[in-house]
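In what follows, a structure is listed as structure tokens, so that the remarks can point back to it.
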Amino acid sequence: MASKIDILVEKIEKLREDMHNLAGRKGISSPEVLTISQQIDVELNHYYRLINITRNVCSDN
């Protein structure tokens with residue numbers, strides 16, 4: 001079973017791929033591209049929070 005972190009990494013990779021493809025078609029300043037970029041930022045922040053929580057839990061043991 002995939003961990004929350006693994007699932008999040010897959011989601012981020014998919015969003016990056018989607019953003020890259022869309023930017024190729026519509027340009028990097030397209031509102032759709034910017035929206036995906038913001039979604040990636042949110043997911044990356046979530047990822048880093050999970051990583052820090054995991055490190056803190058592991059270091060406490």
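Does LEU34 qualify as being hydrophobic (A, V, I, L, M, F, W, C) and touching a residue at least 12 places away in the same chain (Cβ under 8 Å)?
Considered against the rule, which asks whether it is hydrophobic (A, V, I, L, M, F, W, C) and touching a residue at least 12 places away in the same chain (Cβ under 8 Å), LEU34 comes out as no.
Of these, ILE28, ILE12, ILE40, ILE36, which one is surrounded by 11 or more Cβ atoms within 10 Å (Cβ to Cβ), modelled with pLDDT of 95 or more and part of a loop (DSSP other than H, G, I, E, B)?
Working: ILE12 fails: part of a loop (DSSP other than H, G, I, E, B); ILE40 fails: part of a loop (DSSP other than H, G, I, E, B); ILE36 fails: part of a loop (DSSP other than H, G, I, E, B).
Result of the check over ILE28, ILE12, ILE40, ILE36: ILE28.
Name the pairs: first residue in segment 49-61 and over 15 Å from LEU8 (Cα atoms) and open to solvent by 90 Å² or more (accessible area, probe 1.4 Å), second residue at pLDDT 80 or above and part of a helix (DSSP H, G or I), Cβ to Cβ under 7 Å, at least 6 apart or on different chains?
Cβ pairs passing all conditions: none.
Quick check, is ILE5 part of a helix (DSSP H, G or I), modelled with pLDDT under 95 and open to solvent by less than 90 Å² (accessible area, probe 1.4 Å)?
On the way: part of a helix (DSSP H, G or I): yes; modelled with pLDDT under 95: yes; open to solvent by less than 90 Å² (accessible area, probe 1.4 Å): yes.
When the stated conditions are applied, ILE5 passes them.
Which residues, taken from segment 1-31, are of a type outside the set (A, V, I, L, M) and touching a residue at least 24 places away in the same chain (Cβ under 8 Å)?
Keep residues of segment 1-31 that are of a type outside the set (A, V, I, L, M), which gives 3-4, 6, 10-11, 13-14, 16-18, 20-21, 24-27, 29-31.
Residues satisfying the conditions are LYS4, LYS11, ARG16.
The values are calculated or read from the model by the stated rules, or taken from the named source; none is laboratory data. Nothing here was measured: the structure is a model prediction, and the numbers come from that model. As a convention, Cβ positions derive from the backbone with ideal geometry for all residues, glycine included, and neighbour counts pool all protein chains shown. Remember, those area values only see protein heavy atoms, side chains included, never the ligands or the DNA or RNA. Shrake-Rupley method; radii C 1.70, N 1.55, O 1.52, S 1.80 Å.
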